[in-house]
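We did not get these values from a lab; they are worked out from the coordinates using the rules stated. Predicted, not measured: the structure shown is a model, and the values here were computed from it. As a convention, Cβ positions derive from the backbone with ideal geometry for all residues, glycine included, and neighbour counts pool all protein chains shown.
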Amino acid sequence: MLEEIGGSMFSENNQISGRQVFRLLTYDFLGMGTLLLPTMLADTAGRDGIFCILAGILSTFLYLKLLRYLLKGMKTSYPDFLKQKCGKVCGYVLWGGYFLYFILMASYTAYLFSTLMLNGLVENVSFYLVLMLILLLAFYGMAGGIEGRARVYEILFWFLMIPLFLMLFAACREVKPAYWSPVFVADGKEVLSGSYYVLFCYSMVSIVLFLKEYVADRRKCVGAAEKAVWFSGGVFAVLYLILIGLFGAEALAQMKFPAVTMMSRVQITGGFLKRTDAFMFSIWFFTLYAMLNSMVFYSGNLAAKVIRDCGGYLEGKKRMLTYLILLLLVYGVTVLLYRNQQFLDRVTFLLWRIGTPFVVGVPLLLCVFGKMPNRGMEERRTEKCRTKKHGVEVCGKKENRDEGKKCKKNVRVLVLVCFLFGCLFLQGCNVAELEDKAFPVLLNIRDQDDFQNVWLNHEYAGNKEVDYNHLKVVLIERSFLEKEAEVEDMLSMLEQEKEVPWNAYVMTTESCDRLAQTEGELDVLLGNYLEELLENTSGIDQKAYPTLGMLYEERANHLETLYIPFVDIEGEQSGAVEDDTEKEEQSATVWDDTEKEEEEQQPVMTGKPQITAYEVWKRGRAAGLVDTDTARAAFFTQNFADDYTLQLAPELYVKVDAASCRVKEIEKIGAGGLTGQIVTVTVTGEGEILSGTVSASEKEQLLNTRMEDYLNAAATHALEKETDITNSYRNLGADNRTWYFKYQNTPAAYEKDIKIQYLVKINWKSE
């Protein structure tokens with residue numbers, strides 16, 4: 001009967017399949033790799049970090065070739081093989097090195113696990129409580145042995161990978177390809193350092209040596225590891241490209257958990273989900289849990305072998321007692337990591353700079369200097385077979401257990417893991433707590449000397465706890481926005497507040513109090529009204545409007561020119577806007593004439609907030625107001641406008657649909673042989689005449705020429721205020737490396753040196 005069970009799909013023979021090895025290793029790779037690797041690569045190699053990933057993958061494959069050769073000569077378990085090849089004393093020393101590495105890695109994983117949970121899912125909960133629950137869950141999961149763990153991870157694999165791929169796909173919509181360039185900027189030392197970080201994430205591939213004794217078909221052990229490297233490497237590469245494209249290399253290098261923040265940056269149509277980053281935690285919950293279990297499992301096996309050599313025997317309850325002692329040891333080390341930053345730095349250094357070379361180098365040295373035994377050599381047994389009370393012979397292997405009981409235990413582990421994650425994910429949602437909380441949709445930032453004091457006063461005002469998870473709009477007074485030091489402090493503090501969503505829109509006004517007085521005339525809350533004002537703007541993509549996340553990124557990147565909507569009450573124009581309009585009226589260009597005509601056509605909604613201008617946000621700071629027509633021209637040029645209506649003559653109105661604008665920087669020799677820096681914008685698409693008449697013979701040329709004059713006037717008008725409506729500075733790395741290195745250290749000179757020229761090639765529809 002036991003033999004029949006042992007041959008079934010769910011046999012309890014302490015063996016796992018090659019597919020299960022693939023999924024176990026994938027979990028181990030993805031945990032820390034997706035959390036820590038992007039920031040490390042961005043800080044070391046910047047945009048060239050993708051080449052570090054490729055180099056690390058290739059190095060790992062070469063390393064696996066050596067492990068395959070080593071496994072061919074192993075007829076015993078890897079620890080016994082070490083003692084056999086290196087001698088008893090040296091073997092025990094190597095055992096101790098592996099044991100220390102496993103314990104420290106388990107503690108570091110537990111620390112990372114607990115910190116991640118506290119920062120993202122649970123609030124106002126003790127670190128020690130979260131850590132204890134995680135370790136107890138790990139202890140319960142160890143009861144199923146390696147077979148039970150492999151089955152749980154096998155079942156959950158695609159339930160975790162499919163949501164990960166869907167979230168990566170959703171994030172692709174927000175990627176800016178210009179952030180990927182320039183490449184080949186990092187030197188060889190930086191690329192090697194980044195490759196070493198990748199190798200650290202793959203250092204656990206040497207675990208295949210420990211897994212060898214548990215794999216049913218040992219020929220598939222290395223093959224499964226190679227598949228895991230390919231799969232995880234692909235995830236690393238795609239994730240890194242997405243994160244670089246979302247945040248930029250400079251901003252990514254300063255982020256703690258960028259992959260978690262990624263979903264906060266993503267805009268979900270409909271706005272019903274503001275904290276989409278919470279869905280990402282399911283990935284790391286199980287990957288880090290798997291990593292923690294693996295480290296404790298292998299350290300426990302080493303401890304069992306030491307006790308075996310001393311004449312003892314660990315099985316059943318005794319083995320679980322060993323795991324419990326090891327988890328208590330992990331708990332103590334993790335607490336030290338949490339309470340002592342210096343100890344955390346030392347352990348991190350030990351794992352990265354000593355632990356990685358150790359676990360990678362020991363098998364390498366065995367391959368290079370060790371003499372492999374003959375493949376036909378009989379395995380020497382160093383211990384005698386023992387007999388259990390019930391007369392079942394055990395020769396270095398676990399005793400077969402009752403299949404039914406063990407399968408039920410595996411199911412219970414799976415259910416408990418999912419239940420605990422569900423409890424963490426849904427925490428804070430009971431009725432009593434909801435009644436005690438306030439969920440503002442609008443955050444007003446007035447012109448105050450100390451934003452931190454204002455924030456704290458706001459946090460503790462009233463009888464309810466303020467929860468900003470549903471925040472939609474941050475409204476900043478313009479006088480405050482012009483103070484660089486205060487704005488820097490504000491952004492730093494908001495970025496640290498985990499409940500403040502990154503995808504909350506940013507708007508500016510002259511007086512928050514004046515806008516607040518109009519809320520009684522609105523059918524909805526002011527925050528909801530302002531959000532609808534942006535999202536329901538005809539023909540403008542939501543990506544055109546800055547969010548908190550964009551402002552955070554620009555503090556480090558200094559690449560984008562953003563346009564923050566300026567909100568005012570129609571009919572009560574502020575002094576700041578009046579000053580700008582007075583300057584615009586002094587010019588006699590086509591731009592000014594069309595602006596006056598459009599103002600006469602715009603409907604006036606007295607008493608309700610409207611977007612009357614835009615604050616230019618350039619190089620991470622406010623750079624003055626521009627009118628709505630300038631901003632609309634910028635949105636059109638940057639392909640944020642689905643359609644674009646403009647006035648080319650007093651009675652001539654046209655509309656352009658499905659336009660595509662291609663921006664390119666060129667050097668052009670002008671009069672006197674002087675070289676001018678020209679940004680050319682080629683406009684293609686379909687257009688139609690809304691009102692007015694143009695003869696059929698001259699329609700194509702006349703309309704394109706007039707549209708060129710209109711856009712050129714708009715660009716010149718903006719450049720007078722040192723504003724580039726093409727936003728071409730961010731594309732220099734990809735389009736013109738010479739300009740990129742020229743203006744990298746002097747970005748303020750860019751708008752002063754360039755000229756903008758539009759080339760319109762619109763196909764106009766026949767009437």
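With 18 Å as the limit, the listed pairs 483/618; 189/256; 483/755; 664/755 have 189/256; 483/755 beyond it between alpha carbons. Going from the residue with the fewest nearby Cβ atoms within 10 Å to the one with the most, 52, 221, 90, 367 rank 90, 367, 221, 52. Just name one of 653, 681, 754: the one whose Cα is farthest towards the positive end of the charge dipole of region 642-767 (beta-carbon charges, Lys/Arg +1, Asp/Glu -1). After comparing all options, I get 754.
Remark: spin-label model distance residue 684-residue 734 equals 1.6 nm, labels positioned 7 Å along the Cα→Cβ axis.
Taking a point 7 angstrom from the Cα of residue 54 along the C-beta vector, which residues in region 165-198 have backbone N less than 19 Å away? In region 165-198, the label zone of residue 54 (backbone N under 19 Å from the point 7 Å along Cα→Cβ) covers 177-198. Among 655/761; 543/721; 85/212; 655/699; 176/498, which pairs are too far apart, with a Cα-Cα distance over 22 Å? Violating the 22 Å limit, Cα to Cα: 543/721; 176/498.
When a/c is below 1.5 the answer is rounded, else prolate if a/b is larger than b/c, else oblate, so apply that to region 94-146 with a ≥ b ≥ c taken from the square roots of the Cα gyration tensor eigenvalues.
Verdict is oblate for region 94-146.
Descending by average beta-carbon neighbour count within 10 Å, the peptides 33-42, 330-339 line up as 33-42, 330-339, the highest first.
Per residue and in cubic angstrom, what volume does the convex hull of the Cα atoms of region 642-767 have?
125 Å³
Less than 5 angstrom separates the built amide H of residue 540 from those of 642, all sequence-distant by 5 or more or on a different chain. Distance between the pseudo-spin-label points of residue 693 and residue 535 (7 Å out from Cα toward the beta carbon): 4.5 nm.
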